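Enquirer: Take a look at the following structure, please.
The values are calculated or read from the model by the stated rules, or taken from the named source; none is laboratory data. Predicted, not measured: the structure shown is a model, and the values here were computed from it. Here the Cβ is made from the backbone with ideal geometry for all residues, glycine too, and neighbour counts use every protein chain on show. Heads up: the accessible areas ignore ligands, DNA and RNA and are worked out on the full protein's heavy atoms, side chains in. Shrake-Rupley method; radii C 1.70, N 1.55, O 1.52, S 1.80 Å.
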Amino acid sequence: MTTSTPAPRRDEDLPGAGEGSGRRQRRSGGRRGPGGQRSARMRGPLRTLLSLLVVTVLLFGGIGVARLWAEPAASLTPQLGLDLAGGRQIVMAPLTEEGDAASADQLEQAIDIIRRRVDGGGVAEAEVTRMGQNVSVAIPGNPTADQVEALSRSSQLSFRPVLVAQPTGPQAELPEQRTLPLPPSLIQEQLEELEQQQEGSGTGDETGDSVEEGTTDDGTTDEAEQTEENRGGTRLPMTEDGTEATQAPGVPADDDSSTAPPAEEETAPPADPSSLAQITPELQEEFTALDCAADGVATEVASAPSAEPTVACSVEADEKFILGPVELTGSSVTDANAGPETVQGGTVTGRWQVNLTFDGEGGQTFAEITSRLYGYQQGEAQNRFATVLDGEVITAPTVNGVISGGTATISGDFTPEESQNLANQLKFGALPLSFEVQTSEQISPTLGGEQLRYGVIAGIIGLLLVFAYMLVQYHALGLVAIGSLVVAALLAYGSVTLLGWANNFRLTMAGVTGLIVAIGITADSFIVYFERIRDEVRAGRPLRYAVDTGWERARRTLIISDVVNLIAASVLYLLSESGVKAFAFALGLTTVIDLLVVFMFTHPLVSILANTRYFGEGKKWSGMEPERLGAKRSAYLGRGRVREPDVIAPGRRRHTREELEGGVV
Amino acid sequence: MSRFSRLGNDLYSGARSYNIVGRRTFWYLLSAVLIAVSLVGLFGRGLNFGIEFSGGSELRVSQVSATQMEDYEQRAGDVIEAVNPEGTTTITQIGDDTVRVQTGQLPNADAEAARADLADEFGVDTEDVTSSFVGPSWGETVTQRALIALAVFLALVTLVLTFYFHTWKMAVAALVALIHDVLFTVGIYALLGIEVSPASVIGFLTILGYSIYDTIVVFDKVRENTEHAFDTKRQTYGEAANQAVNQTFVRSVNTSVVALLPVAVILVVGISLIGPGTLVDLAWALFIGIAVGTFSSIFIATPLLVHLRERELFIRKHDAQVTRRRARHDAREAARDQEADADGMPGDGEDELVGVGAGQDGETSGGAGATADTGGGLRGGQTQGRQLHPYAQRGPRNQPKRKKRGR
């Protein structure tokens, strides 16, 4: 088989140089031989080993960094799945109002709704997955009955007038660029936000202007409304931009306009849903105390009585509101879709908008509302109209005209995805899905913990047995296998932990079992490799060549078999659901680790060892003794006679050079 | 131990060789019997699907005191029997103080009755007994999706293997082995009445991965050996494949031992300490699957591959060439032996030398290492009184002198 081996040989291995290299080998047999040839031979493998070390250090360094500085801090152990950590598994079937099963689109929306509820409901670290036609929610710990109830109630979309709006979150504190007096009032914060945005984005002004123009166009022709989009941090500035566009006041004017209304509105008749008289001291207090970053706000808001004003947060939790009573519910919305914004004459502006259609009665109500809100100045909070889905304000546009035809448009700086998303929320919020709980199962953590504990114990015993077996089979070479397995185990632990933090990957029982099985498959890589080396030694090849050629062949086998495993893992991951997905992920992960360890640890290490005296000369118990492997070295018998190695490798015409010159270099 | 490594040496060199490919009818029959048994299990007994597949009611009695735990299976079974005589009921202890009863779907009234009765039986409050309905969500959706994924996977793997091995027959043989493994494992499940839970489905998928992995490792060696045989024309396809199986035999044994050891430990720990659950379900699937996976890649996949490929025109030509070559050589060998017996006819020294060379070749292809020694011996000593080449007869006098090795 030598003839077919394409392995490039280094100079020193060529026949003429054989003797010399052999001697040199022996001379500098020590571990740290400074000989030039030696170090050349070692440098490659050493470099590979070093890079693996770097990878490992990076992995665990990443965990450490995430532990120390990240928010939330990473845990030093893998995240555990529901079956191990305990918790409640709820499977819900989304149903439309008529009791039909939800369509695929609606299902996506339903998952979205549930996910938002879970996130907003204070249920930390819950997992929402699609399970066929159903939605599966896994909540760690022991959720209260209320929380479970909140998850399964039907989706509510309602429209409420905005009474007070105030940005929250980090943006509110950012700008300090201009020296301004800083009275500790809410309005001040608003102002700062405004300034930041004005300074930060000149385009914001232009956008505001163009929207304004569009409004006049639409206003003259039809009842369509152009309002400003207000998602994300751009909301407030754009509102204010609108103010500027119409009134062109300076910054101080804004200050005035924002502070003035509360005083004026004190006298407004309380029957007006936009009246600020509705703001009781309690409500004000609640508003001041409202922390949009806290959990459970949406749930609370969603259960607030619809006829009374309430406080609420935006979806992004970057603005908080005091909202008037519900004036219109989602059932009045007949359709909502996203499309490119057009001005009169059908020219596409390149921006996106959401078109909202109301039914007859809803359109009428909406006309009344808009005419009232339009009465407020642009830029005032009361000019805005909040759309609340499940207790969160998904959008709160300003009203730029009286809309009497039952069709409204919401425009702003949308990406197509954003507008589509908003349209979906409006449409499906309008078509309330209810959720029927199919399975609600409390999984005891003690049970899972017990299983995990025994599973880990079993894994460790299994690992020890594997170690013992490798030692018996491969002697000193078995130590390399053990080392490789330990490295693989370290890498697996590190990646599972890091992924638990970064991707919320959770280790389930299936995953643990997958990892334990991976011991076998990973060890197999070493076995394949070692057996190939042994085969080469049996064929009479000197050990150093045996390692090289054995690796060439083993590598092919390892790559193709691991590639197939990776295909299996990715196909299962992409196409299947829940438990199977987690398993597929574990399989893929261990396969990658297997490849990594064999290429970057086992092979370099064996190459280095093959250059040491102990392994390279096939000493006793090294696991590579040519005699034990049946390779007879040729021996000089004296008087010009040579005893030839008697085994000719199959298919070989005559003895190879290596066989004749001896089993070892 | 050293016996095992000697076995490895012998298998590698061909000093000992199990004729696995040649005896393929036997292996086919054996696996046909295995499959038949598992089919009997599958269709006779049917799979014991867990509650996740069939749907049903689940009652949990919590806060059961240790003294009440005695004989819980029988007692809970009786209670349920009274309420719902049909349907299979599984009763398991979960943790220290909880009894889980899974049964067919109970109407609301029955479920209430069962709750009250169970609470009575185990001396707990009715509130401590929860009843819940488990929808057949797994059976309907997850398994279905997993099957779709499986089909895609198999198609992809067939493609990859076809490209890698340059023949679709290897892919087919690997897939047959794969199906054989999964079918057998599922059949054992049915026969032993092990509950099929979502975890066991995942176990089946693992087997699938392992089986194909193992088969590929063996096939890669087969590919290597057969390519070599095509080049040298010294072995028929079947022989080369058989030698490959023999040469990877030690690897296969080692690998399966290493893979089975952890699983076996889980199984033992699971059965003795934990009781039924995900862990044991998975371990069963894996244990059976890995064992049968190793078996099938050696005894089913390779013989099947030879079976499939032997009919190819190219392989038939190759095999015929090998046979012809061997016959020619045998004849020459026989002739040479006769000549040797006839004790040296003068004048055919040239032939003699050729004969010796060919003899060595023949022994190599036969795979018998021991006879090669004789060849060497013949060449080295001139004891037989055979005629030598005139060049050799001239003796050492005219040969270049060797320096004495005085060291």
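Enquirer: What is the sum of charges around A:Ile559, taking Lys and Arg as +1, Asp and Glu as -1, for the other residues whose C-beta is under 12 Å from the C-beta of A:Ile559?
Expert: The answer is -1.
Enquirer: Under the definition of partner shielding as Cβ atoms of other protein chains within 10 Å of a residue Cβ, what is the mean value for peptide B:199-211?
Expert: The shielding value for this peptide is 6.
Enquirer: Please name the residues of the stretch B:10-32 whose accessible area, counted over protein heavy atoms with a 1.4 angstrom probe, falls by no less than 50 Å² between the chain alone and the full protein assembly.
Expert: B:Tyr12
Enquirer: List the residues of the stretch A:458-487 for which accessible area in the full set of protein chains is at least 40 Å² lower than for the chain on its own; 1.4 Å probe, protein heavy atoms only.
Expert: When all protein chains are present, A:Ala458, A:Leu465, A:Val466, A:Tyr469, A:Gln473 each give up 40 Å² or more of accessible surface.
Enquirer: Right, something else. Quote the total accessible area buried by chains A and B together, excluding ligands, DNA and RNA, probe 1.4 Å, nearest 100 Å².
Expert: That pair of chains buries around 7100 Å² in total.
Enquirer: How much length is gained if the chain between A:Ala289 and A:Leu58 is pulled fully straight, taking 0.36 nm per residue apart and subtracting their Cα-Cα distance, in nm to one decimal?
Expert: Full-extension gain reported as 78.9 nm.
Enquirer: Quick query: amide H of A:Arg88 versus all other amide H atoms, modeled in the peptide plane; which residues come in under 5 Å with a sequence gap of 5 or more or a different chain?
Expert: Counting only residues 5 or more places away or on other chains, the set is A:Ile139, A:Gly141, A:Ile443.
Enquirer: A follow-up question, please. Determine the per residue accessible area of the stretch B:223-263 with all protein chains present and a 1.4 angstrom probe, expressed in square angstrom.
Expert: Normalised by residue count, the accessible surface of the stretch B:223-263 is 22 Å².
Enquirer: Taking the Cα centroid of the stretch A:459-504 and of the stretch A:323-372, what is the distance between the two, rounded to the nearest whole Å?
Expert: Using only Cα atoms to place each centre, the spacing works out to 61 Å.
Enquirer: Hey, another quick one. May I ask you to find the residues of the stretch B:242-263 that are shielded by at least 10 Å² of accessible area once the whole protein assembly is considered instead of their isolated chain (probe 1.4 Å)?
Expert: B:Gln243, B:Gln247, B:Val250, B:Arg251, B:Asn254, B:Thr255, B:Val257, B:Val258, B:Ala259, B:Leu261, B:Pro262, B:Val263
Enquirer: Extending each Cα 7 Å along its Cβ direction at B:Ala320 and A:Val65, get the distance between those two points in nm, one decimal.
Expert: 6.8 nm
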